[in-house]
Amino acid sequence: MRHLRAAAAITLAVSVVAGVTGCGGGTSSDGGSNESPKTLTYWASNQGPSIEADKKILTPELKKFEKETGIKVKLEVVPWADLLNRILAATTSGQGPDVLNIGNTWSASLQSTGALLPWDDENFEAIGGRDRFIDSAVASAGKEGEPPAAVPLYSLSYALYYNKKMFADAGITAPPATWDQLVEDGRKLSKDGKWGLGAEGSNLSNNIHQTFVLGQQHGADFFDEQGKADFTSDGAVAAVKQYVDFMAKDKIIAPGNAEYAQNQSLTDFAKGRTAMVLWQAAATTFAAQGMKPEDWGVAPVPVPAGAPGAGKQTNSMVAGINMAVFRNTRNIDGAKKFVKFMTSDAEQKILCKTYGSIPPVKAAQSDPAFAAPELKVLRDTLATSAAPLPQVPNESQFETAVGTAVKELFADAAAGSPVTTESVKARLEKAQQTMQG
Amino acid sequence: MPSRDGHRAGRSPMAAPRSFLWTRRVVLTLLAGFVLLPVYVMISSSLKPLQDVSGKFRWIPRGLTVQPYVDIWDTVPLARYFVNSLIVAGAATVCSVVIAVFAAYAVSRYGFRGKRVFTVTVLSTQMFPGILFLLPLFLIFVNIGNSTGLALYGSRGGLILTYLTFSLPFSIWMLIGYFDSIPRDLDEAAMVDGCGPLRALFRVVVPAAVPGIVAVSVYAFMTAWGEVLFASVMTNDATRTLAVGLQGYATQNDVYWNQVMAASLVVSVPVVAGFLLLQRYLVAGLTAGAVK
Amino acid sequence: MTATVTTDPGTGKPARGTTRGSGGARRGIPRIPDRIRRGGLPYLLLLPAVLLELLIHLIPMVVGIVMSFRQLTQFFIGNWGAAPWTGLENYEIAVDFDAPIGEALLHSFFVTCVFTFFAVGLAWLFGVTAAIMLQESFRGRGFLRTLFLVPYALPVYAAVITWAFMFQRDNGLVNHVLHDQLGITDQPSFWLIGDNSIYALIVVSVWKGWPFAFLMLMAALQNIPRELYEAAAIEGAGVWQQIRRITMPSLRLVNQVLVLVLFLWTFNDFNTPYVLFGKAAPAGADLISIHIYQSSFVTWNFGTGSAMSVLLLLFLLVVTAVYLFLTSRGRKGSHA
């Protein structure tokens, strides 16, 4: 009797498991449908000062869309802490929004799940054509050679922010244009408890963004043509070492920065403790911390020599938010219309102005708002000298592995342990071995 | 057994020696200090403007302001999250305790096939890391939703079901122990008087196990109140709970530390008040009901 | 196997457990009439609990275990049925201690053991001390009882973030006191990165966890008969002796349950290290729950993450079985 009952229980469990795993995934209707043409669910990411602020910014625009097309958009602003988890759950179960924002570095990974609608020529035509968008922004939306998995929505790049007064006091007349100049200026500024440069040493993404760019400048890509990890090339090692050396050798970054992960480097800058910081659009944060706009200036991120450009003159990764559509949406035409609406010239001008980002739509960039000093630098960088992060499916593994290696190197530097080419290479070697597949 | 609560008014001849009293004072002061240190930091941070919070630490803050306590309600829909948490935690607690009482009564009072399997399985659920069955659980909820139309994901109901199950194992285990200590004579006496076993449970066993039930309710409530991982995936904007919602103060560009602290303190006040009220039930003699 | 939690009021000895099957005589009382036992009432009473556990705990766990035998990466997450079976490959990767992944897992495992030992030990110590000290009524006892539960009442996120604040190297309270005010260290130390991170983790875990031990022990202490203390006092036993001879043995059963449960929960604790250290914990404080999270959610490799979780589950099962065996043997021994 006991055995029978146990056998029954196991059979039940196995059949349920089979049912669950068999029904997993949203492949019921492979290409989407138009079953619910009147509604759309949209997951927006948090771009503004708060979730409530985001709702206030987006709701009028959604009402406009409803008036135009009669489609009601159900908006949910998802905090960053939850967004990836929820996208994962949605991908797993097939139960999710129709349209959503994704961080552009997630594009290749999500693309490989097969859950997102590919933007082939036909789909691009429906929203006005691929040429409307900046090339580098589209290149950050999926694997090269395949149709992108998303459409760029808000774009950003990195810039060098510097404290005008501290520069003037140290007798520096212009922001540095090359790394050597930056180190030199940094040394002049790093005294009396103040420091030349700030860094978020424990922020894995930030570490990747900085070292990737330095890698480009050293001619290294972190991934080879087949998409396999290559963290130990001379260029990659040199790039990581250069970044960590700002603290270890040049001593222009305060040791305390090694533990920063909550934008403390921005606070340090706003309070006049550091003179320079490399960041995406930081104007609103400085203002929130009490710094006046006239106190800081913006310049392009330095390059080894010469002026920023393509290839080895890259000085920023393409940052930003992409808009994607789930393949199994029940309102595929409506979703495309919504993407068209959000990437229209008019909406791009409105939204990017509010969020302080750069429109990836070329025509919208002509708005005078984007010629303001800070945005102008970002805009030009985006157009001429920004490169997309590796568009590989295991991009987030890359971020974790190499980002952690850099974090640990910063910890070494802060503790006073030597940072040598060998030690850098050893850590990157270890990181590379954790990359699976 | 007489309740010990409040029975000792003055020093009796069997009072503790001075050395014990002094040790006690020192130890309790140290523990209180340890507990209070972060609370003090929370309170003082909640009263500072944002710029000062990230500044150098000072024991006495300068420039106090109550603004954060006003802002917390706007930055994040705190009131809604609070209500959601109350509903979810409250419902999960009530259901969990009721189900646990039934289960514990069955294990404590009856012998039956599969009892050991049940208790061992219940214990083994405590060993599995939550991250692992997060996605499968979500999948199950979605499948249920697809086949029955009962949407458990994104709803408070799904979260209630999840949380009440999370607190079941420990609750059942503890209640088995409490029930075991209540002598069978009481049940038997009641049943001789004509009660069925269920009436006996409610009229005799439960009143005798009140402190145990209260302790277990506190545990179930706090488990539901503070759970983050499953709430982050299972809720949407309308049903989000506090534990996850508090992270909304960390936005894309800024982290509003002062508001995080203020909001945490505000939502914890009712919980601490609840503790204060429930205390006396906790420490009454566990076998008060057995005293005849 | 259940362990009884409280002592028998009449005799001060532990009440007989109910791990035997049907009909175990309890202190000579005739057993429940057969008609009730066969009537299926206990099954009915258990049914809600069983159904819920099946649905929410067990079936997902089984699915999780099945996941560990498949190569469930981002390519297959949309359709689990299509993920290829890889047999034990995920396990092999996890236990290959020469390769970085296995090595990191082993290291994280040891770190977690050390962490759990100290965190549970200290939490229990604080809890039992406070519970004993707050036995006697004195002015302010009620206030202290509530105060000590405050860490349990505060939301995890806020509490841990506050400690992260306090542990900041340049602006934190801990270094302010240790370095600026007391001059104990020459330089402000790092608490959130580097080798000291494990201490920070232990402090935060103990701060959050000891009130629960305190709560459970406080309730259990009420069950010890007054007469025992009075009798001992009359025979001249001092307070410390009373604690050693009466209080602690009476608490043994509660302690066994409490320590086991605290051990399991602390070993699996995810929130504390995640909020304290973010996505990448420093090597010195790389707890296994974070490590598994990194290997599954962050890297989209759910097969490996599941395999690691199953290994963790097996380890905990073994530890629990050994623990229960040792403790129940001790219990039987004391009644020889």
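The values are calculated or read from the model by the stated rules, or taken from the named source; none is laboratory data. All values derive from a computational prediction rather than experimental measurement. Quick reminder, even Gly has a Cβ in these numbers, built from the backbone with ideal geometry, and neighbours come from all protein chains shown.
Within segment A:248-264, restricting attention to residues that are of a type in the set (A, V, I, L, M) and facing chain C (nearest Cβ under 9 Å), which residue is farthest from A:ALA415 (Cα to Cα)?
So the first thing to find is which residues in segment A:248-264 are of a type in the set (A, V, I, L, M), and the list is A:248, A:252-254, A:258, A:261.
Filter again for facing chain C (nearest Cβ under 9 Å), leaving A:254, A:258, A:261.
On the way: A:ALA254: 11, A:ALA258: 9, A:ALA261: 18 Å.
Per the criteria, the residue is A:ALA261.
Aromatic (Phe, Trp, Tyr) and outside any helix (DSSP H, G or I): which single residue out of B:PHE112, B:PHE102, B:PHE82 fits that description?
Sole residue among the options that is aromatic (Phe, Trp, Tyr) and outside any helix (DSSP H, G or I): B:PHE112.
Out of all the residues in segment B:205-214, is one or more facing chain C (nearest Cβ under 9 Å), modelled with pLDDT of 80 or more and either more than 21 Å from the chain's Cα centre (by Cα) or surrounded by fewer than 23 Cβ atoms within 10 Å (Cβ to Cβ) (or both)?
Yes, segment B:205-214 contains at least one residue that is facing chain C (nearest Cβ under 9 Å), modelled with pLDDT of 80 or more and either more than 21 Å from the chain's Cα centre (by Cα) or surrounded by fewer than 23 Cβ atoms within 10 Å (Cβ to Cβ) (or both).
Quick one: C:GLN256 ticks every box in (1) more than 9 Å from every other protein chain (Cβ to nearest Cβ); (2) touching a residue at least 60 places away in the same chain (Cβ under 8 Å); (3) over 19 Å from C:TYR323 (Cβ atoms) bar one, so which box is it?
Tallying (1) more than 9 Å from every other protein chain (Cβ to nearest Cβ); (2) touching a residue at least 60 places away in the same chain (Cβ under 8 Å); (3) over 19 Å from C:TYR323 (Cβ atoms), C:GLN256 fails exactly one: (3).
Just to be sure, is C:SER205 crowded, with 22+ Cβ neighbours inside 10 Å, at negative phi and hydroxyl-bearing (Ser, Thr, Tyr)?
yes
Being free of Cβ contacts under 8 Å to residues at least 40 places away in the same chain, within 8 Å of another protein chain (Cβ to nearest Cβ), part of a helix (DSSP H, G or I) and in contact with a helix residue (DSSP H, G or I) (Cβ under 6 Å, 6 or more places away or on another chain) narrows it down to one of B:LEU164, B:LEU137, B:LEU132, so name that one.
Answer to the selection: B:LEU132.
If C:ARG169 meets every condition in (1) in contact (Cβ under 8 Å) with a residue 40 or more places away in the chain; (2) in contact with a Gly (Cβ under 6 Å, 6 or more places away or on another chain); (3) more than 9 Å from chain B (Cβ to nearest Cβ); (4) buried (at least 23 other Cβ atoms within 10 Å of the Cβ) apart from one, which number is that one?
(1)
Restricting to segment A:387-425, what's the tally of residues that are basic (Lys, Arg) and either touching a Gly at 6+ places or on another chain (Cβ under 6 Å) or at the interface with another protein chain (Cβ under 9 Å from one of its Cβ atoms) (or both)?
1
Among the numbered criteria (1) in a helix (DSSP H, G or I); (2) at positive phi, which single criterion is violated by C:GLY236?
Status for C:GLY236: all satisfied but (1).
Taking segment A:137-155 as the region of interest, how many residues are modelled with pLDDT under 90 and in contact with a strand residue (DSSP E or B) (Cβ under 7 Å, 6 or more places away or on another chain)?
Number satisfying all stated conditions: 0.
Given the condition more than 14 Å from A:TYR161 (Cβ to Cβ) and either more than 14 Å from every other protein chain (Cβ to nearest Cβ) or hydrophobic (A, V, I, L, M, F, W, C) (or both), answer yes or no: does some residue in segment A:265-286 qualify?
The answer is no; no qualifying residue exists.
For segment C:71-103, enumerate the residues that are within 9 Å of chain A (Cβ to nearest Cβ), within 25 Å of A:ALA90 (Cα to Cα) and either at pLDDT 80 or above or in contact with a strand residue (DSSP E or B) (Cβ under 8 Å, 6 or more places away or on another chain) (or both).
Passing the criteria: C:GLN71, C:THR73, C:PHE75, C:PHE76, C:TRP80, C:ALA83.
Go over the candidates B:PRO38, B:PRO136, B:PRO68 one by one and state the one that is surrounded by 20 or more Cβ atoms within 10 Å (Cβ to Cβ) and under 22 Å from the mean Cα position of the chain (by Cα).
Numbers: B:PRO136 fails: under 22 Å from the mean Cα position of the chain (by Cα); B:PRO68 fails: under 22 Å from the mean Cα position of the chain (by Cα).
Only one candidate passes the filter, namely B:PRO38.
Could you say which residue among C:TRP210, C:TRP191, C:TRP163 is closer than 30 Å to C:ALA283 by Cα and within 8 Å of chain B (Cβ to nearest Cβ)?
Result: C:TRP163 is the single residue among C:TRP210, C:TRP191, C:TRP163 that is closer than 30 Å to C:ALA283 by Cα and within 8 Å of chain B (Cβ to nearest Cβ).
Would you check if there is a residue in segment B:223-231 being in a helix (DSSP H, G or I), of a type in the set (Gly, Ala, Ser) and surrounded by fewer than 24 Cβ atoms within 10 Å (Cβ to Cβ)?
Scanning segment B:223-231 turns up at least one residue that is in a helix (DSSP H, G or I), of a type in the set (Gly, Ala, Ser) and surrounded by fewer than 24 Cβ atoms within 10 Å (Cβ to Cβ).
This table checks each residue for (1) in contact (Cβ under 8 Å) with a residue 40 or more places away in the chain; (2) more than 21 Å from A:THR329 (Cα to Cα).
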{"residue": "A:ASP121", "(1), (2)": "no, no"}
{"residue": "A:PRO148", "(1), (2)": "yes, no"}
{"residue": "A:TYR154", "(1), (2)": "yes, yes"}
{"residue": "A:TYR162", "(1), (2)": "yes, yes"}
{"residue": "A:MET166", "(1), (2)": "yes, yes"}
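Among the listed residues A:ASN322, A:ASN257, which satisfies the condition of being part of a strand (DSSP E or B), at negative phi, touching a strand residue (DSSP E or B) at 6+ places or on another chain (Cβ under 9 Å) and touching a residue at least 24 places away in the same chain (Cβ under 8 Å)?
After applying the criteria, what remains is A:ASN322.
State whether one or more residues within segment A:374-385 are surrounded by fewer than 19 Cβ atoms within 10 Å (Cβ to Cβ), closer than 20 Å to A:ALA149 by Cα and either touching a Phe, Trp or Tyr at 6+ places or on another chain (Cβ under 8 Å) or not small (Gly, Ala, Ser) (or both).
no
Any idea which of A:ASP120, A:ASP135, A:ASP82, A:ASP131 is acidic (Asp, Glu), over 19 Å from C:ASN301 (Cβ atoms) and within 14 Å of chain B (Cβ to nearest Cβ)? Give the steps one after another, and end with the answer.
Details: A:ASP120 fails: within 14 Å of chain B (Cβ to nearest Cβ); A:ASP135 fails: within 14 Å of chain B (Cβ to nearest Cβ); A:ASP131 fails: within 14 Å of chain B (Cβ to nearest Cβ).
Checking each option against the conditions leaves just A:ASP82.
Quick one: C:ARG139 ticks every box in (1) more than 9 Å from every other protein chain (Cβ to nearest Cβ); (2) buried (at least 22 other Cβ atoms within 10 Å of the Cβ); (3) charged (D, E, K, R) bar one, so which box is it?
All conditions pass for C:ARG139, except number (2).
What do you reckon, is A:LEU62 away from chain B (no Cβ under 12 Å), surrounded by fewer than 24 Cβ atoms within 10 Å (Cβ to Cβ) and out of contact with any Asp or Glu (no Cβ under 8 Å at 6 or more places or on another chain)?
yes
Quick check on segment B:167-195: of everything there that is among the small types (Gly, Ala, Ser) and at the interface with chain C (Cβ under 9 Å from one of its Cβ atoms), which residue is surrounded by the most Cβ atoms within 10 Å (Cβ to Cβ)?
The selected residue is B:GLY177.
Going through A:ALA319, A:ALA335, A:ALA324 one at a time, which residue ends up being closer than 19 Å to A:ASP120 by Cα and within 19 Å of the chain's Cα centre (by Cα)?
On the way: A:ALA319 fails: closer than 19 Å to A:ASP120 by Cα; A:ALA335 fails: within 19 Å of the chain's Cα centre (by Cα).
Just a single option satisfies the conditions, and that option is A:ALA324.
Given (1) facing another protein chain (nearest Cβ under 7 Å); (2) touching a Leu at 6+ places or on another chain (Cβ under 7 Å); (3) in a loop (DSSP other than H, G, I, E, B), identify the lone condition not met by C:THR185.
Looking at each condition in turn, C:THR185 falls short on (1).
Within segment A:29-44, identify whether any single residue is surrounded by 20 or more Cβ atoms within 10 Å (Cβ to Cβ), assigned by TED's automatic domain parsing to the domain that holds A:PHE326, at pLDDT below 90 and within 21 Å of the chain's Cα centre (by Cα), and answer yes or no.
No: segment A:29-44 contains no residue that is surrounded by 20 or more Cβ atoms within 10 Å (Cβ to Cβ), assigned by TED's automatic domain parsing to the domain that holds A:PHE326, at pLDDT below 90 and within 21 Å of the chain's Cα centre (by Cα).
Any residue at all in segment A:170-189 that's of a type in the set (Phe, Trp, Tyr), touching a strand residue (DSSP E or B) at 6+ places or on another chain (Cβ under 8 Å) and farther than 16 Å from A:ILE321 by Cβ?
yes
Hey, any hits in segment C:216-228 for a residue that's more than 14 Å from chain A (Cβ to nearest Cβ), under 20 Å from C:SER137 (Cα atoms) and small (Gly, Ala, Ser)?
Filtering segment C:216-228 for residues more than 14 Å from chain A (Cβ to nearest Cβ) gives C:216-228.
Those left that are additionally under 20 Å from C:SER137 (Cα atoms): C:216-228.
Then drop every residue that is not small (Gly, Ala, Ser), which leaves C:219-220.
There is at least one residue in segment C:216-228 that is more than 14 Å from chain A (Cβ to nearest Cβ), under 20 Å from C:SER137 (Cα atoms) and small (Gly, Ala, Ser).
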